[in-house]
Structures are given as structure tokens and as C-alpha cells.
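The values are calculated or read from the model by the stated rules, or taken from the named source; none is laboratory data. Quick caveat: nothing in here was measured; it's all calculated off a predicted structure. All Cβ positions, even for glycine, are placed from backbone atoms using ideal geometry, and neighbour counts span all protein chains on display. Ligands, DNA and RNA are excluded from the accessible area calculation, which covers all protein heavy atoms including side chains. Shrake-Rupley method; radii C 1.70, N 1.55, O 1.52, S 1.80 Å.
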Amino acid sequence: MNQVQIPSSPIDCPNLIGGEWTKGSGKEVSVYSPYSGDVVGKFNCPNQNEIDQALKAAKEAFAKWKATPLKERTGIMFRLREILLRDIETFAQTISLESGKTLAESRAGMMKGIEVLEFALSIQNLDQGAKMEVSRGVHCEFRREPLGPILSITPFNFPAMVPMWTLPIAITVGNAYVWKPSDKTPLTATLMGKAFIEAGLPSGVLTIINGEKDEVNSLIDHQDIKAIAFVGSSKIAKLVYERAAINGKRALALGGAKNHIILLPDADPEMCGVGIADSFTGCAGQRCMAASVLLAVGEVDKQIEQIKQRALSTTCGDKMGAIITKEQLAFLNESIDEAISAGAKIILDGREAKKPADYANGYWIGPTIIDHVKADSKAAKNELFGPILSIVRCENLTEALKIENANDYGNAASVFTNNGALAEKVAKEANAAMIGINIGVPVPREPFSFAGMNTSKFGHGEITGEQSLNFWSNLKKVTTKWEMQNDHNWMS
Ligand code: NAD
């Protein structure tokens, strides 16, 4: 199956509450496919009573799950891995259908999610805690304890991968996981819920609440939610973080991005062509690690020509996916017009790209490159979230770094060069948390953790890897003495 299949009628996406799939009693929300513009799914938001029921079930499930030994919890995750690998094509179809990705991108997202799951499988071996005799006859030990029901709010652009950053780790550590998927991608969440149930996860350990702003707010405020992870735009990340803080809850909220690539004249043109074009066109530019500003230092026209040629061959439908909504597509078109009015020069116009014949009503725009963009213009500063590369011409590396440093976000920054010293200077001085050297999408592979800085992250810590364990748990310190000791010291 190499094509995204449009279902003949919308697929129902119920909530998962206490192990039962239940339709909400609130507002009905439609889910559109970016491929065809058709309604391909629907869900009903739960009312407050249903949210309370869900949390009651999650709290009860948590008490038993917490008491289940880590090795038994991990056993379920091993089975989950097999199921996800077995069903990867079904997942890829569903992810593409509702998020607009190509099937290859959807499979890749699943594999990255499974990589995080594999990290979770290793917690049993890497996190034995610590115990030490700190005074004669006195022992101190660390014990990791889960928090309770926790909440995760996820975005549309990686319907499986972003949830898989937190699902396996938070659940393996012993929490009950309450998931509010993007209102645009509930179909993948339903599939994922079914996979966890088939793997043997006890009822109530995973809850799925479909919904929008009101459901998010009600969940954050709920007394039984003990921690909140959010991934999405910076505007909502900040709102979620602030609301969690007012409630006195720990929160980690990852936001949007505007990622810069610094291109130096000695960079390998072929590596630039592939690395930079694939970065801004991958997932149709709808990823928080996509390149969106190219800081072109000095004479780099031959590299830019390679980027353009590679982008030209990235055709809509087979090599590049669609834009999530027609409103977002309209916003991208307006942003291109605005950049041109502000004096920039379009060298590749995605608005003229050929639409795939089988999905003529979908939300398509081809790769777009705008040159001579001013550093203080919207195209250079705002997150556009589409396959648009804004080129800002710079006299030297100092000017390029100054522009990069001045941006509000802080997810990724890359440099393309053959000069190790200059690459190191960028790694040290760039104002971003994930750095690429001749890499267009510098996503750290496991076990290296993921998270940005500045307005790309509100809160403290990392969302994956070893650093995430402390977010999903409390460290209890137990100090023990069993016998009277005669040789007292200053502490006894
Ligand atoms: P979004 O902020 O619109 O939505 C994210 C989640 O918040 C969804 O579940 C949505 O239903 C919910 N939501 C929307 N409005 C809300 C409100 N007013 N109050 C409470 N909850 C609300 O983001 P999106 O459009 O789904 O995803 C794209 C954005 O996510 C981009 O900005 C992208 O850069 C960012 N993103 C960041 C990362 C990262 O790791 N930093 C990863 C993926 C995506």
C-alpha cells in the first residue's frame, strides 16, 4: 500500500476511561484529512462528570500500578514494542491520513517513538537507585517513586512520535498516564490505546481524553493530576505552564521554534543540498526541528543552487506531505506575499507546485525559497510552520551569529562548513539547545535527550532520556539505623 487511503466514512474516536472506550457527551469535533479535505474522523468531548470518572479510574489504577514491580511493568512494554512493529503500516496509514505526512515520514516517526520505548525498556537496568553506609550502621538510599496520574498534551505534527517521547517512560516509571491528544489527530491515539491494551496494560493506567482548550484546562486544574507535560506552540506552552504553576504542579512545556542554519562558503555543496533542503521540506516544514532561516555567509550561491535543485525534485504527494489545515495553508500563502512586499525575492515558488492528482482537494504547497529576506522581517522572525526557507544574507559569521542569537526561540541551530574551529564556535555561541554540524535536523537520538531552551521550553528538564526520569518521579531518601552505635559523630 503506497497511497494514503481515505476512509469511506468518518472514524469514531472515543475516550478511553477506566479501560472502556466511551463516547463523550459534549461537543462533536470533526477531523479533516490534509490529503483530501474530507472529514475522516470525529469525537465528542467529555463533560466534567466524565473527566472526573476518568481521573477516579486513573487514581485507582495508579495505586496498583505503582505497587507492580518495575520488571513486571517493563514486561508489558516489551510486548508493546512487538505490537507496534507488527502494526507499523496501519499506524503509518492513520498518521498520514490525519497529519498529512508521507507514509515514509509516518513510519520514521514510529521508529523514533519505538527508540524511546527501547530506552524505557532499559530503565530496569540503568536505574537501580543508590545505597550507601553514610555513618557507622547508618544507611542512606534513593528510591524512585512515581507521582500519580500525570497529564500529557500533544500536538498534531507527530501524532505517534511525540506522545511516544513520554508514554513509555512515564508509564514504566509507574505513573498512570492521562493523554489529551491533538484535536486534529485523535485517530492515531485510538490505535495507540488499543496497542497498549493488547500489550496487557491494566485498565486505567492509560486514559485518553479527546478535547480542546476547555478539556485541557479542566485536566490541568484537576486535583488528581500531579504533573503536566505539554508539546505544542509557544503561545499555548506558556499558558499551560502558567496554569500548572498557579495550581502548584510541576510542568514541562515544549514550545515552537525558528531554527537557523548558518551556511559558510567552504561547505560541501552536495551535503548542503540534501541536508538543508530535506530539513525545510521534511514533514512539509511542520516540525519543530525544521530549518526555516538560512543565514548565508559570503559567497554561497553554488550551495544555494544545490538546495534549490533538491527542493525542486521534492514533489507534493510522494516526497512531501500536505499542510494540516486550509487556514494554515492560507497563512503560508499570505506570509510569502508579505515577505515579497517587504522586499524579498522569491527563487522557488511553492504556490506554483503541481498538486497530486489523487488528492486534488488537499492542502498543498510546494517547497518555497525566499532570498534576501530582512533579518527583522516576519519571514525571518516568526514561526511559519510550512516548507518555506527564508534566506538572510550576511557579511560574516559574526553577523550570522548575532541574528541567530537575537531570536526568541531556542530549539535547534546548525552550521554547514568544513572548518572544525568555526563549527565549534557556532556550537558554543548559538542560542539553541540542539546543535547540528553539517546536519539539517539535529534531533538527538536516544539515549541523548530532547528539549529546547528560551521560548521553545517552559519549565526545567528534558522530555526524554535519563534526565526525564526525575520529571516523572520523586526521589525518596530513606535513612536507616537498626542498632545502637556507641561511636557517635557530629550527625548522630
Ligand atoms: P498547539 O499549541 O496549537 O496545540 C498543542 C496542543 O494544545 C493540542 O493538544 C491542542 O488541542 C491543545 N490546545 C490548543 N489550544 C489550546 C488552548 N488555548 N489551551 C489549552 N490547550 C490548547 O500546537 P499544534 O499546532 O498542534 O502543533 C504545532 C506546534 O507545536 C508548532 O509550534 C511546533 O513547533 C510545536 N512543536 C514543538 C515541539 C517541541 O519539541 N518543541 C515538537 C512538536 C511540535
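Within the range 286-301, track down each residue that is away from the ligand (no atom under 16 Å from the Cβ) and part of a strand (DSSP E or B).
LEU294, LEU295, ALA296, VAL297
If we only count strands (runs of 3 or more DSSP E) wholly inside the range 169-261, which ones have 1 or more residues that are away from the ligand (no atom under 12 Å from the Cβ) and more than 26 Å from SER99 (Cα to Cα)?
176-180, 227-231, 250-254
If a residue has to be assigned to a loop (DSSP other than H, G, I, E, B), among the charged types (D, E, K, R) and farther than 16 Å from ASP52 by Cα to count, how many in the range 1-33 make the cut?
Here the count works out to 1.
Any chance the range 196-207 includes a residue that's touching a Pro at 6+ places or on another chain (Cβ under 6 Å) and either under 22 Å from ILE323 (Cα atoms) or touching a residue at least 24 places away in the same chain (Cβ under 8 Å) (or both)?
no
If only one of ALA160, ALA108, ALA104, ALA130 is within 16 Å of the ligand (Cβ to nearest atom), open to solvent by 30 Å² or more (accessible area, probe 1.4 Å) and outside the structural domain of CYS288 (by TED's automatic domain parsing), which one is it?
When all the criteria are applied, what remains is ALA108.
Looking only at the range 454-478, filter to residues that are in contact with a Phe, Trp or Tyr (Cβ under 9 Å, 6 or more places away or on another chain) and of a type in the set (A, V, I, L, M, F, W, C); which one of those is farthest from the ligand (Cβ to nearest atom)?
VAL478
When you go through ASP318, ASP268 one by one, which is the residue that is modelled with pLDDT under 95 and not small (Gly, Ala, Ser)?
Just a single option satisfies the conditions, and that option is ASP318.
When you look at ALA290, is it farther than 20 Å from LEU97 by Cα and touching a residue at least 12 places away in the same chain (Cβ under 8 Å), yes or no?
Yes; evaluated as a whole, the condition is true for this residue.
Give the residues of the range 200-225 that are surrounded by 20 or more Cβ atoms within 10 Å (Cβ to Cβ) and either in contact with a His (Cβ under 6 Å, 6 or more places away or on another chain) or charged (D, E, K, R) (or both), sorted by residue number.
Answer for the range 200-225, where residues must be surrounded by 20 or more Cβ atoms within 10 Å (Cβ to Cβ) and either in contact with a His (Cβ under 6 Å, 6 or more places away or on another chain) or charged (D, E, K, R) (or both): just GLU215.
Select, from ALA433, ALA427, the only residue that is assigned by TED's automatic domain parsing to the domain that holds PHE280 and within 16 Å of the ligand (Cβ to nearest atom).
Among ALA433, ALA427, only ALA433 is assigned by TED's automatic domain parsing to the domain that holds PHE280 and within 16 Å of the ligand (Cβ to nearest atom).
So if I check each of LYS71, LYS42, LYS66, which one is basic (Lys, Arg), more than 25 Å from the chain's Cα centre (by Cα) and either buried (at least 16 other Cβ atoms within 10 Å of the Cβ) or modelled with pLDDT under 95 (or both)?
Matching residue, one of LYS71, LYS42, LYS66: LYS66.
Taking the condition closer than 22 Å to ALA92 by Cβ, open to solvent by 10 Å² or more (accessible area, probe 1.4 Å), within 16 Å of the ligand (Cβ to nearest atom) and touching a residue at least 24 places away in the same chain (Cβ under 8 Å), does PRO155 pass?
It is true that PRO155 is closer than 22 Å to ALA92 by Cβ, open to solvent by 10 Å² or more (accessible area, probe 1.4 Å), within 16 Å of the ligand (Cβ to nearest atom) and touching a residue at least 24 places away in the same chain (Cβ under 8 Å).
Each row is one residue, and each column tells you yes or no for (1) outside the structural domain of GLY37 (by TED's automatic domain parsing); (2) within 16 Å of the ligand (Cβ to nearest atom); (3) open to solvent by 20 Å² or more (accessible area, probe 1.4 Å); (4) modelled with pLDDT of 95 or more.
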position	(1), (2), (3), (4)
VAL274	yes, no, yes, yes
GLN303	yes, no, no, yes
THR314	yes, no, no, yes
LEU332	yes, yes, no, yes
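Can you say whether GLY37 is surrounded by fewer than 17 Cβ atoms within 10 Å (Cβ to Cβ) and in a loop (DSSP other than H, G, I, E, B), as far as the supplied structure shows?
Considered against the rule, which asks whether it is surrounded by fewer than 17 Cβ atoms within 10 Å (Cβ to Cβ) and in a loop (DSSP other than H, G, I, E, B), GLY37 comes out as no.
Mind checking whether some residue in the range 81-95 is closer than 24 Å to PHE280 by Cβ and modelled with pLDDT of 95 or more?
Yes, because at least one residue in the range 81-95 is closer than 24 Å to PHE280 by Cβ and modelled with pLDDT of 95 or more.
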